[in-house]
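Colleague: Structure below; questions to follow.
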Amino acid sequence: MAEKKEKASSKKKKSKQIKSSIGLDIDDKSVKFITVSEETDKKIITKFSIKEIPPAEDRIAATSNVIKEIIAQEKIEPGSKVYTCVYGVGPTIRRITLPIMPDAEIPEAVKWEVRNLIPFSIESAVIDYYKIGKVTEKSVEKFDILAAAVQNEILDKLLNICAHAGLQLEGISPIPFALWNFVKESIKFEENEVIAIIDIGAEAASINLFKNNILQFTRDITVAGDSITKAMTGMLVADDWQLNLSYEQAEDIKIKYGIPAEGTTEKTQDGIPLIHILEMISPTLRRLRNEILRSFDYYKDQFREEKISKVFLTGGSSKLKNLDSYLSDALAIKVEALDPLKGIQLDDGLKAQEEKLIEYLPRLSLSIGLALGHAEMINFLKVRKPAAGTGLQLPDFLKNVKLPPKALIAVGVLFLSLMVGYNYYLGVKRTQYQNELRNKQIILADIKALHERKAVLAEIAQKETQVRNILAQLTGTFPKGVVLTNLIYENNNRQIWLSGTVTYPGLVGQLIKNIENSGYFRDVKLLEIKKQGSSAEQQESAFRTTFSLE
């Protein structure tokens, strides 16, 4: 009797357990891993790990080895359900509407609709979609759809990494959909409230806008954590010293000091004034601010929204000190870190690591979203797999049909006659299409030649006028007291190198700010500023800077 009760109790516990899933967030620098067990009334984090990927020429092998280490360390069982996302600026997500139609027809209609909305060929793309619901356009009811497209080669790279590590993936999602699953658990939406989630990684960031707990808009940008570090590398010059910061030194300073305050007199341990660091990273921070504001303005205009109510930060680079306060001032909206543990519990076995987990949480938000979402909304892997068991299997069909021998012969003759006739029809159509193709290829060759000539003429005209336009735009950015001594323009990469003198050093900061805010240039970087002369009367300084055309 006791044994029966024990079995019943064990069965009850097992039935309570719904699923346990692994979220695996892979990028160029690290692998983030988390396991979430879901029960009827709660979601529990049971395992987590973050490992950096060491420098290596073979990035696929290096990444696979890190995943193998995590598998061994966390004792991951074969056959575990693993979900990952496409990292970096990879997938393209577009919001579209389609006429009401049967579900079976939607995939082809989505492909047709997005063919001109994606920056790569439709033939190289894997496309999936999520049906949000219905909308009314000009009194006509339509499907409201989020379509996502990614290049096959990007998925191949992910699959290759995981295959080498011995993992079989259940799903691959775009980052915004992984964040969406995360948002569902961690944020309570007020009616018609618009909330922005800005995910800032090392090499890319995404701006995601949600309303009524539905993803409305997403945009990838290239300004991210590495952009700030790279802005700090280069020559620093003061009255009695000069220093060329390496990437590693810049990264250490960024992590330790974050964004210095305006007017600060604080110095690093090496004696570098933080005000100089601020001057170096300010153009990149302004670019980040401008990208966010541009996205907000576009969304408000397209969706007729008045305001963004709240802004939350997540991702590894969101931990940068003072970034939330800087963006709060820059955007005039309160910006705060997203709390990933809202609505999610910690397994009793991880209580001792709670402090470490909280430190890791901004970097684990995507992993949590992947584990919670199971790629149910968008799953590129599902689209790549051919459906099993579809189509008519003739041998199996004939096995199950009992016909007399004469009838079988008649059926065979009829089948062969149909095949011969159909092959003749196909041959005629093939010849017809080949003739049409030849004619169109001749026309296409003529059009291509005209386009090539037009492109050559346009390039010549551009080279003639580009430098003149650059000088015209730069003239308005020079404060009084700035003298231009040299300008080099590289037409291939649209890079500009500028040098000159200023009557006092502070004018260089004003010049860089003017260039950055002109809207005509980007990636402004101060290379050098050096005081000329040693007398107290001679305050003139020489400077070098570089930037690119928008």
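Read-outs throughout are calculated quantities, based only on the coordinates presented, and are distinct from any laboratory measurement. Keep in mind the model is a prediction, meaning the values are calculated, not measured. Because the Cβ atoms are built from the backbone with ideal geometry, glycine has one as well, and the counts that use them run over all protein chains shown.
Colleague: Can you give me the long-range amide H partners of E528? Hydrogens built in the peptide plane at 1.01 Å from N, cutoff under 5 Å, separation of 5 or more residues or another chain.
Modeller: Amide H neighbours of E528, under 5 Å, 5+ apart: R544.
Colleague: Just check segment 57-115 against the gyration tensor rule for me: Cα atoms, a ≥ b ≥ c as the square roots of the eigenvalues, rounded for a/c under 1.5, and otherwise prolate or oblate depending on whether a/b exceeds b/c. Intermediate results must be reported in sequence, preceding the final value.
Modeller: Numbers: a/c = 4.43, a/b = 2.24, b/c = 1.98.
Judged from the Cα gyration tensor, segment 57-115 comes out prolate (a/c at least 1.5, a/b above b/c).
Colleague: Any chance you could run the full-extension gain for D58 through S139? It's 0.36 nm times the residue separation minus the Cα-Cα distance, nm to one decimal. List each step's numbers first, then the result.
Modeller: Working: separation 81, 0.36 × 81 = 29.16 nm, distance 5.60 nm.
Gain on stretching D58 to S139: 23.6 nm.
Colleague: Next question, about the same structure. So how do T136, T314 line up by other beta-carbon neighbours within 10 Å, fewest first? Each step should come with its number before you reach the end.
Modeller: Details: T136 10, T314 30.
Result, fewest neighbours first: T136, T314.
Colleague: Please give the peptides 127-135, 209-217 ranked by average Cβ packing (other Cβ atoms within 10 Å per residue), highest first, as a rough proxy for protection. Write out the running numbers ahead of the final one.
Modeller: Values: 127-135: 16.8, 209-217: 18.8.
Packing proxy ranking, top to bottom: 209-217, 127-135.
Colleague: Right, next: Do any of K75/K382; K131/K382; K81/K382; K47/K342; K42/K188; K230/K525 go past 19 Å between their Cα atoms, and which? Can you show the working numbers first?
Modeller: On the way: K75/K382 27 Å; K131/K382 16 Å; K81/K382 14 Å; K47/K342 17 Å; K42/K188 17 Å; K230/K525 10 Å.
Those over the limit are K75/K382.
Colleague: Which loop trypsin sites (Lys or Arg not before Pro) in segment 466-504, with loop taken from DSSP, have no more than 14 other Cβ atoms within 10 angstrom of their Cβ?
Modeller: Details: sites: R468, K480, R494; in loops: K480, R494.
In loop regions of segment 466-504 (DSSP not H, G, I, E or B), the sparsely surrounded trypsin sites (Lys or Arg not before Pro) are K480.
Colleague: For the modelled label position 7 Å from the Cα of L350 along Cα-to-Cβ, which residues of segment 366-383 have backbone nitrogen atoms closer than 13 Å?
Modeller: 366-372
Colleague: Here's another thing I want to ask about it. What's the exposure ranking of M232, M101, going from fewest to most Cβ atoms within 10 Å? Working shown, then result.
Modeller: On the way: M232 21, M101 12.
If I rank by nearby Cβ atoms, fewest first, I get M101, M232.
Colleague: Still on this structure, please answer the following. With a point put 7 Å past each Cα toward its Cβ, work out how far R384 is from M101 in nm, to one decimal.
Modeller: According to this spin-label approximation, the distance is 2.6 nm.
Colleague: In the neighborhood of L366, defined by Cβ-to-Cβ distances under 9 Å, what is the net charge if each Lys or Arg adds +1 and each Asp or Glu adds -1?
Modeller: Numbers: positive: K32, R363; negative: D25, D199.
Once positives and negatives cancel, what remains is 0.
Colleague: Another one. Apply the Karplus curve 6.51 cos²θ - 1.76 cosθ + 1.60, θ = phi - 60°, to the phi angles in segment 365-373 and return the couplings in whole Hz, x for Gly and Pro.
Modeller: Working through the residues one at a time gives 4, 5, 4, 4, x, 5, 5, 6, x Hz.
Colleague: What does the charge count near G201 come to, summing +1 for each Lys or Arg and -1 for each Asp or Glu among other residues with Cβ under 15 Å from its Cβ? List each step's numbers first, then the result.
Modeller: Values: positive: K29, K32, R219, K230, K254, K319, R363; negative: D25, D27, D28, E52, D199, E203, D220, D226, E251, E291.
Cβ neighbours under 15 Å give a net charge of -3.
Colleague: Further, regarding this structure: Treating the beta-carbon of each Lys and Arg as +1 and of each Asp and Glu as -1, no other charges, what is the dipole magnitude of segment 188-337 about its Cα centre, to the nearest 20 debye? Walk me through the intermediate numbers first.
Modeller: Numbers: 18 positive and 24 negative charges, 79 e Å.
That gives segment 188-337 a dipole magnitude of about 380 debye.
Colleague: Give the cross-link partners of K142 among the aspartates and glutamates, using a straight C-alpha distance below 17 Å as the criterion and excluding same-chain residues fewer than 8 apart.
Modeller: D103, E105, E108, E113
Colleague: Across segment 149-157, in residue order, what do the Karplus-derived ³J(HN,Hα) couplings come to in whole Hz, using 6.51 cos²θ - 1.76 cosθ + 1.60 with θ = phi - 60° and x for Gly and Pro?
Modeller: 3J(HN,Hα) across segment 149-157, in whole Hz: 10, 9, 6, 4, 5, 5, 5, 4, 5.
Colleague: Gain in length, K230 to S499, computed as 0.36 nm per residue apart minus the alpha-carbon separation, to one decimal in nm?
Modeller: Gain on extension, K230 to S499, equals 94.8 nm.
Colleague: Which is farthest toward the positive dipole end of segment 260-342 among H276, N290, L341, measuring Cα position about the Cα centre, with Cβ charges +1 (Lys, Arg) and -1 (Asp, Glu)?
Modeller: Value computed over the given set: L341.
Colleague: I need the phi-derived Karplus couplings for segment 266-274: 6.51 cos²θ - 1.76 cosθ + 1.60, θ = phi - 60°, integer Hz, Gly and Pro marked x.
Modeller: In residue order, the calculated couplings are 5, 10, 6, 4, 8, x, 7, x, 5 Hz.
Colleague: Ok, one more. What order do you get for R384, R304 when you list them from fewest to most C-beta neighbours inside 10 Å?
Modeller: Values: R384 14, R304 7.
Going from least to most buried by this count: R304, R384.
Colleague: Between D270 and I333, how high is the FRET efficiency from 1/(1 + (r/R0)^6) when r is the Cβ-Cβ distance and R₀ = 35 Å? Nearest 0.05.
Modeller: Working: r = 36 Å, r/R0 = 1.02.
Computed FRET efficiency for D270 and I333 comes out at 0.45.
Colleague: Could you tell me how far the Cα centroid of segment 43-74 sits from the Cα centroid of segment 487-504, in Å?
Modeller: 44
Colleague: Next up: Give me the aspartates and glutamates in straight-line cross-link reach of K211: C-alpha distance below 16 Å, same-chain residues under 8 apart excluded.
Modeller: Filter leaves D144, E185, E190, E191, E193, D297, D301, E305, E306.
Colleague: Now for a different question. Search the structure for amide H atoms under 5 Å from the amide H of I76, placed 1.01 Å from N in the peptide plane, and list their residues when 5 or more places away or on another chain.
Modeller: none
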